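Quick notes on the structure that follows.
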Amino acid sequence: MTTHTEAEIASQPDSWRRAVTEVPADALPRRGERVAVVGCGTSWFVAQSYAVLRERAGHGETDAFAASEFPAGRSYDRILALTRSGTTTEVLEVLGNAGTRTTAVTASPDTPVMTAADEVVLLDFADERSVVQTRFATTQLALLRAHLGEDLTAAIADAERALAAPLPAELLAAEQFTFLGRDWSYGLALEAALKMREACRAWTESYPAMEYRHGPISIAGPNRITWMLGESPGGLRDEVEAAGGSFLESPLDPMAELIKVQRVAVARAHARGLNPDEPLHLTRSVILPS
């Protein structure tokens, strides 16, 4: 039987298509605004990717924070909160204490975030039944990339390729994974590692690609995978392979390559008798006592 997670992973190209055709005119950060983006877990990693992309596109200074670590007293023109559930305690606290214009991107109507933020972008078509985020995470990033002026036609085609590609047996049997990214794809590397931990309890790590040489490469070895999201730095493949490890990279858009990681996580969960829809010790939203 197909799990909710698998169905949600498979629906991503269609969700991205819809998101890029429904970019709101005014709710998202305007060019020139100084913006802080906050989220928890997966949404924090998406925030990191978006912050890099927004600055690179020349739209203005953009910082990303785990909501629990938002620096009180720092001045911004807008706070952008990313929250699938609309109920996460730390995100709601940031919005409640913002003192500036706020926007939230969520999948869940009829939740506290709908009134906690000044403006809300509702992606309810990308909501998920699985605890593990896949579709909503990438759909909100597709929306944000489109808002920055990116054409995601190629990325959507890459997503379909990522869904159709066979999964090598090496990935299903590997002992350990390290995910690497550069620039905006580092946030996706963090998310890739989290997906593998959540769905199949895999031993995973994640680093900026150039930082991997500064100590973490010592973990490379036989039956261990170093997986690059995006273009790798020159010479890194040779160093990993010299250590006996396997190095993976792909010409696909990094967001589409993340889909491959999601698929591997689910396949490994099934192999271990785990339910990827209901990972151990996790719930859809972290709601702290008052």
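Scanning the stretch 157-185 for residues that are assigned to a loop (DSSP other than H, G, I, E, B) and closer than 16 Å to Gly221 by Cα, we see that the one that is most open to solvent (accessible area, probe 1.4 Å) is Glu175.
Annotation note: Cβ proximity below 8 Å between a residue of the stretch 148-173 that is modelled with pLDDT of 95 or more and a residue that is acidic (Asp, Glu) (sequence gap 6+ or interchain) occurs for Ala154/Asp253; Ala155/Asp253; Asp158/Asp253; Asp158/Glu257; Ala159/Asp253; Ala162/Glu257.
Restricted to the stretch 210-253, and to residues there that are of a type in the set (A, V, I, L, M, F, W, C) and over 23 Å from the mean Cα position of the chain (by Cα), the residue that is surrounded by the fewest Cβ atoms within 10 Å (Cβ to Cβ) is Ala242. Among the conditions (1) free of Cβ contacts under 8 Å to residues at least 40 places away in the same chain; (2) out of contact with any Gly (no Cβ under 6 Å at 6 or more places or on another chain); (3) within 18 Å of Pro24 (Cβ to Cβ), the only one that Thr106 does not satisfy is (2). Report, ordered by the first and then the second residue, all pairs with beta carbons closer than 6 Å, sequence separation of six or more or different chains, a first member in the stretch 37-66 that is within 17 Å of Ala117 (Cβ to Cβ), and a second member that is in a helix (DSSP H, G or I) and among the charged types (D, E, K, R). Once the first residue is within 17 Å of Ala117 (Cβ to Cβ) and sits in the stretch 37-66, its partners that are in a helix (DSSP H, G or I) and among the charged types (D, E, K, R) give Cys40/Glu90. Close contacts from the stretch 263-281, counting a first residue that is more than 18 Å from Ser11 (Cβ to Cβ) and among the polar types (S, T, N, Q) and a second that is at pLDDT 85 or above and open to solvent by 50 Å² or more (accessible area, probe 1.4 Å), with Cβ to Cβ under 7 Å and a gap of 6+ residues or different chains, come to none at all. Would you confirm whether or not the stretch 119-140 contains a residue that is in a loop (DSSP other than H, G, I, E, B), within 15 Å of the chain's Cα centre (by Cα), charged (D, E, K, R) and surrounded by fewer than 20 Cβ atoms within 10 Å (Cβ to Cβ)? Yes, that holds for at least one residue. Checking every residue in the stretch 58-66 against the condition of being part of a strand (DSSP E or B), under 17 Å from the mean Cα position of the chain (by Cα), of a type in the set (A, V, I, L, M, F, W, C) and buried (at least 24 other Cβ atoms within 10 Å of the Cβ) gives zero matches. Assessment of the stretch 39-56 against the conditions (hydrophobic (A, V, I, L, M, F, W, C), in a loop (DSSP other than H, G, I, E, B) and at pLDDT below 95) yields no matching residue. Taking the stated definitions as given, is Arg224 more than 19 Å from Ala256 (Cα to Cα), in contact with a Gly (Cβ under 8 Å, 6 or more places away or on another chain) and either among the basic types (Lys, Arg) or modelled with pLDDT under 95 (or both)? Here the answer is yes, as Arg224 does meet what is asked.
For the residues Ala202, Ala193, the requirement of being in contact with a Phe, Trp or Tyr (Cβ under 7 Å, 6 or more places away or on another chain), without any contact (Cβ under 8 Å) to a residue 24 or more places away in the chain and either closer than 25 Å to Gln12 by Cα or assigned to a strand (DSSP E or B) (or both) singles out Ala193. Checked against (1) part of a loop (DSSP other than H, G, I, E, B); (2) surrounded by fewer than 14 Cβ atoms within 10 Å (Cβ to Cβ), Thr115 passes all but a single condition, namely (1).
Ala19 satisfies every condition listed in (1) assigned to a helix (DSSP H, G or I); (2) more than 22 Å from Glu150 (Cβ to Cβ) except (2).
Checked against (1) among the polar types (S, T, N, Q); (2) closer than 30 Å to Glu6 by Cβ; (3) at pLDDT 95 or above, Thr102 passes all but a single condition, namely (2).
The values are calculated or read from the model by the stated rules, or taken from the named source; none is laboratory data. What you see is a predicted model; the values in this text were computed from it and never measured. A quick note on method: Cβ atoms are made from the backbone with ideal geometry, for glycine too, and the neighbour counts reach across all protein chains shown. Note: accessible area is taken over every heavy atom of the protein model, side chains too, but ligands, DNA and RNA are not part of it. Shrake-Rupley method; radii C 1.70, N 1.55, O 1.52, S 1.80 Å.
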